[in-house]
Amino acid sequence: DSVQKVCALPEVEGICILSCLHGILYIGTVEGQLYSLTYTHSLTLLYELGSQIACIYETRSHNTYIGTWADGLYHLKTGGVEQLTTKDGLVSNFVRAVYEDAHNGLWIGTDMGLQRLSPIEPRQVGVNSDKADHRLFMSGQSIWRLKADRGGNLWAGTYFDGVYFFNPAIDYYATIPLHFENFPVISHIQPLPNHLLVLSTEGDGLYITN
């Protein structure tokens, strides 16, 4: 029945991402700061990454990855962070979305397409690694959001080019014919239990599809 202020952030340009992992709220800012807020309202500045945070993702083995607008992908590790950029094989340093498939492959949504990195440890995916898999799919598509359905298929929301369905098991993808009026940005994708999908857009309302 009331609103309670639990903490005050230092003066920042803006909050751009919130993600709750194991009871800890991670707060990413436009200026690249990553904060943690515990259930006891303890606020901690974890890292200053230098670029706006676009996504926060945790794998099944509890590896946490941070995608940024200009600094590539960060891997949070005990005692620090490890950065993965175009020098290490990324197609772009603008990373908006991350997803881990059933085979531990890490899918990276960038402004240049959808890229698979396997194995997922950054030190193993350098440009000189013979084991690295840097295959690029949907080349030229600007990926904004990635979301998996119950079957492990990926739904990729793009910047002004609609929604794509991607099956990682057979490397198949196809665009979904939706009647967008303004070719909007797909800002969020949410699967429902009844095999429907909710698509939130920036500029063209809300869509429900299957």
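The values are calculated or read from the model by the stated rules, or taken from the named source; none is laboratory data. The structure displayed is predicted, hence computed values, not measured ones. In this analysis, Cβ positions are derived from the backbone assuming ideal geometry, glycine residues included, and neighbour counts consider all displayed protein chains. These accessible areas exclude ligands, DNA and RNA; they are computed on the full protein's heavy atoms, side chains included. Shrake-Rupley method; radii C 1.70, N 1.55, O 1.52, S 1.80 Å.
Some observations on this one:
- Hits in region 25-40 - residues which are among the hydrophobic types (A, V, I, L, M, F, W, C) and either open to solvent by 50 Å² or more (accessible area, probe 1.4 Å) or in contact with a Lys or Arg (Cβ under 7 Å, 6 or more places away or on another chain) (or both): LEU25
- A single member of LEU49, LEU45, LEU37 is over 30 Å from GLY105 (Cβ atoms), touching a Phe, Trp or Tyr at 6+ places or on another chain (Cβ under 7 Å) and of a type in the set (A, V, I, L, M, F, W, C), and it is LEU45.
- Of everything listed in (1) touching a Leu at 6+ places or on another chain (Cβ under 6 Å); (2) open to solvent by 60 Å² or more (accessible area, probe 1.4 Å), the single unmet condition for LEU43 is (2).
- Checking GLU82 against (1) touching a helix residue (DSSP H, G or I) at 6+ places or on another chain (Cβ under 7 Å); (2) closer than 30 Å to TYR172 by Cβ, the condition it does not meet: (2)
- Pick from region 124-146, criterion part of a loop (DSSP other than H, G, I, E, B) and open to solvent by less than 30 Å² (accessible area, probe 1.4 Å), ranking: modelled with the highest pLDDT: SER142
- Filter result for ASP149 (within 19 Å of SER139 (Cα to Cα) and either at pLDDT below 85 or open to solvent by 50 Å² or more (accessible area, probe 1.4 Å) (or both)): no
- Checklist (1) at pLDDT 90 or above; (2) touching a strand residue (DSSP E or B) at 6+ places or on another chain (Cβ under 6 Å) applied to THR85, failing item: (2)
- As a summary of the residue check, LEU117 satisfies the conditions (1) buried (at least 22 other Cβ atoms within 10 Å of the Cβ); (2) touching a residue at least 40 places away in the same chain (Cβ under 8 Å) except for the one numbered (2).
- Residue check: CYS7 meets all listed conditions (1) part of a loop (DSSP other than H, G, I, E, B); (2) surrounded by 11 or more Cβ atoms within 10 Å (Cβ to Cβ); (3) at pLDDT 90 or above but one, namely (3).
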